[in-house]
Amino acid sequence: MSKEKENPTLDDLLIRLKSYLHEEKDLDLIKKAYQFAYDKHQGQYRKSGEEYIIHPLNVALILTTIYADAETIQAALLHDVLEDTDCTVDEMQSAFGSEVTRLVQGVTKLSKIHFSTENDYLIDYYKKIIVGISEDVRVIIVKLADRLHNMRTLWALPPEKQKIKARESLEILAPIAQHLGIHKIKSELEDLSLRYLKPDVFYDIAEKLNNTKLERDKTVYEMLQQVASLLTEHNIVHEIKGRSKSIYSIYNKLNKGKKFSDIYDLLALRILVKTEQECYLALGIIHSKFRPLPRRFKDYIAMPKPNMYQSLHTTVFGLDGYLFEIQIRTYEMDEVAENGIAAHWAYKENKDAKVSMQSTTEQKLQFFKTIMDLNSDKMSNEEFVHSVKDEVLNNNIYVFTPKGDVIELPKGATPIDFAYKIHTKVGETTVGAIVNNNIVPLNYELKNNDIVKINTNKNSAPSKEWLQIVKATQTKNKIKSYFSKNERELYIERGKYQIEKELRKRKLSFATIFDSKNLEKILKSLKLNSLEDLYLAVGNGKHSANAVINIVDEQPIQAPPKITKPISKENDADIIVSGIDKVKVNLANCCHPIFGDEVVGYITKGNGISVHRTNCHNLAMLENRMISISWNDLIDLDKKYFTILMIYSNSIDNKMADIVQKTSMLNISIDSIKLIHKEDEMVYELGVYLKGIDQLNRLLLELNKQPFIYQVERLMQ
Ligand code: MN
């Protein structure tokens, strides 16, 4: 990126903007945003000593290099105002409208992460980035520009902070920029990160590059001249640029064991032409004059990279035996190669750039789909972060379908991962794989540029051993979910068996008991949708076969004792007090009874009846004012009952997020969650609203399954 002025002014910004923003009102709004930010940050200084406004101004300037729209530029100028000044959301909203405010809020959310452990921090960071991308990808683009400017001025921070920021930039932000195709920002972030993480390596490479620069420049210039006249001879209008490799990409190659002198694509040319045909034409002409290096040709025009990158790549023996890496592409492809998703801004007259950007993100960027998939899968936050970091943002390989579509997979992926990535159904029916025309075993480790064909058989099914073979978490989850679906079938079988057994015991026929009218009654009273669901509910122990048949069988073998309640039709309360129709009833605050609990009533003085769980220890003191009560299970109140669970964990990590996630997964509303430290255990106090005992049992089951939880009990005060 070009050298930036140290202290730019609003005028510098306006000059850049005028080159591509032509509406006077846009420029006015940007001036207003600048003034607003200027006033709000007045008196604040950056660690580097400059006035604070220099930072947002630079962020906006970075964004002009990718032609960001007026709203994004305003958001860039205002991006720290909500977090660092007294400005309120309302104030911003009335000054700049809801769209700009939303962008600023999105960026603010991303910076406002302060957690005690690194793990919590990362989890939150990833989730917020993902939410940011899914809501408006421009939020992330502003964040990238913000980080880029902070990295440029990183020298002002103490060394430990430099390393933290640099690592985060390298591990999270640069890969995101890469996936969004914003090459300019990605590559500068990488170089700056390397400079702070491995200064000796960085300066060593920089020095070597410098020492060989003159010679390289001369060779590149001569080659450029030759190629240019060759193309002109063939009437191809073009532009050629010499280009330099980034320090980080050289470092990467050195890391893979190459010698500095062997990194032949240090010499590189980029040719821009007008049409796709001219790309291939130019390639043919160049190959006819300069011998190509075998197997170095790549056609990313026919097979774009997952971040939309298109170009032809070839390496040829050039002048004096030097190897040249040549890229050939159209101007439009070049725009995408440099700016990726942000290229939508540069397309002429693209009024709805933000809409196209969002829909391109969702449709074309494979990493986005993968992240969304992972996010919706049932996995713990740690697993989620681990898979996003290791399998989505870093270490990817690119392989091809037989039709030439590029599929992005984590390093170490197998043909099964590939098959599932194509489609779950393909994965589930995979029987074999052919890679580059050779039959390979299913645990074959795919490599970059492999062409993979999957053989399927519609009668085939996944095997549990695959779980050991596959690499991507996404694939594992899909296989697991296949088997849990199968477990569902097992439960259904079991439920069916139990009902039939109970019918035989009562000498009833299935046909009479489960005629359509009765079945409807059973399903309705248990709030189930189908006979299959009924079997499932019996099979997994939610309802007993006995209770199910009692709903329609006139003479139940064991009449449950509770059925002798005197209920009047008008009784619409959830609690029935024997012998009394209308009475004020309260749920006790000490033991928080919920629907379905064993309960007893206590007659208060002047405040109706208070309902306690039968094992509530406060009852001992209330002995002689008790009255028998029961739940009215004939009415269907959409009522939820509050209760408190004490969750004991033996993990020293904060598991709050996991508990919240497991609870919400069951559609249970959470009122509050508190963490109480007790010597060497962590206790979480979770307040929830439940429909009743069934839902509670499901929650207890789920929580008890968690390895970090060793006990769950209901709070009784
Ligand atoms: Mn900032």
Count charges around residue 140 for me, please; just the other residues with Cβ under 11 Å from its Cβ, Lys/Arg as +1, Asp/Glu as -1. +1
Quotient of C-alpha Rg and 2.2 N^0.38 Å, computed over the range 1-87: 1.03
Take the alpha-carbon centre of the range 40-70, take the same for the range 72-99, and report the distance between them in whole Å. 14 Å
What's the extension gain from residue 525 to residue 480 if we count 0.36 nm per residue and subtract their Cα-Cα distance? 12.9 nm
Looking at this model, which pairs from 31/364; 245/354; 471/655; 411/476 are more than 24 angstrom apart at the alpha-carbon? 31/364; 245/354; 471/655
For the range 661-717 and the range 164-236, compute the distance between their C-alpha centroids and round to whole Å. 53 Å
In nm, what is the difference between 0.36 nm times the number of residues separating residue 504 and residue 198 and their Cα-Cα distance? 102.5 nm
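Pop the C-beta distance of residue 443 and residue 24 into the FRET formula with R0 = 60 Å and round what comes out to the nearest 0.05.
Efficiency for this residue pair is about 0.40.
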Report, to two decimal places, the Cα Rg of the chain normalised by 2.2 N^0.38 Å (N = number of residues). 1.24
Size descriptor, Kirkwood hydrodynamic radius, that averages inverse alpha-carbon separations across the range 209-345, Å: 15.6 Å
With label points built 7 Å along Cα→Cβ from the Cα atoms of residue 403 and residue 617, find their separation and express it in nm. 6.8 nm
Positive-end residue, the chain charge dipole about Cα centroid, Cβ charges, pick of 466, 374, 223: 466
Counting residues in the range 299-352 as N, plug N into 2.2 N^0.38 Å and put the Cα Rg over that result. 1.42
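Suppose R0 equals 56 Å. What FRET efficiency, 1/(1 + (r/R0)^6) with r the Cβ-Cβ distance, do residue 642 and residue 213 give to the nearest 0.05?
0.20
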Percent breakdown of C-alpha pair distances by 10 Å bin, ordered from the shortest bin, for the range 364-466: 15, 46, 34, 5
Kirkwood-based Rg/Rh on the Cα set of the range 10-197 evaluates to 0.95
Write down the accessible area per residue of the chain in Å², having rolled a 1.4 Å probe over the full set of protein chains. 51 Å²
DSSP beta bridges in the chain: the antiparallel percent, rounded to 5, is 85 percent
What are the aspartates and glutamates whose alpha-carbon lies under 18 Å from the alpha-carbon of residue 605, with same-chain residues fewer than 8 places away excluded? 623
Residue 627 to residue 423: extension gain in nm, 0.36 nm per residue of separation minus the Cα-Cα distance? 67.3 nm
Approximate spin-label separation residue 99-residue 252, in nm, with each point projected 7 Å along Cα-to-Cβ: 3.5 nm
Which one, 398, 355, 183, is farthest towards the positive end of the dipole of the chain when Lys and Arg carry +1 and Asp and Glu -1 on their Cβ? 398
Computing the accessible area with a 1.4 Å probe over protein heavy atoms, can you report the carbon and sulfur percentage for the chain? 51 percent
In percent, what relative contact order does the chain have, based on Cα pairs under 8 Å that are 6 or more apart in sequence? 7 percent
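Which value, in debye to the nearest 20, describes the size of the charge dipole of the range 253-345 about its Cα centre when Lys and Arg Cβ atoms bear +1, Asp and Glu Cβ atoms bear -1, and nothing else is charged?
So the magnitude is around 500 debye.
The values are calculated or read from the model by the stated rules, or taken from the named source; none is laboratory data. From a predicted model like this one, the values you see are computed outputs, not experimental measurements. In this analysis, Cβ positions are derived from the backbone assuming ideal geometry, glycine residues included, and neighbour counts consider all displayed protein chains. These accessible areas exclude ligands, DNA and RNA; they are computed on the full protein's heavy atoms, side chains included. Shrake-Rupley method; radii C 1.70, N 1.55, O 1.52, S 1.80 Å.
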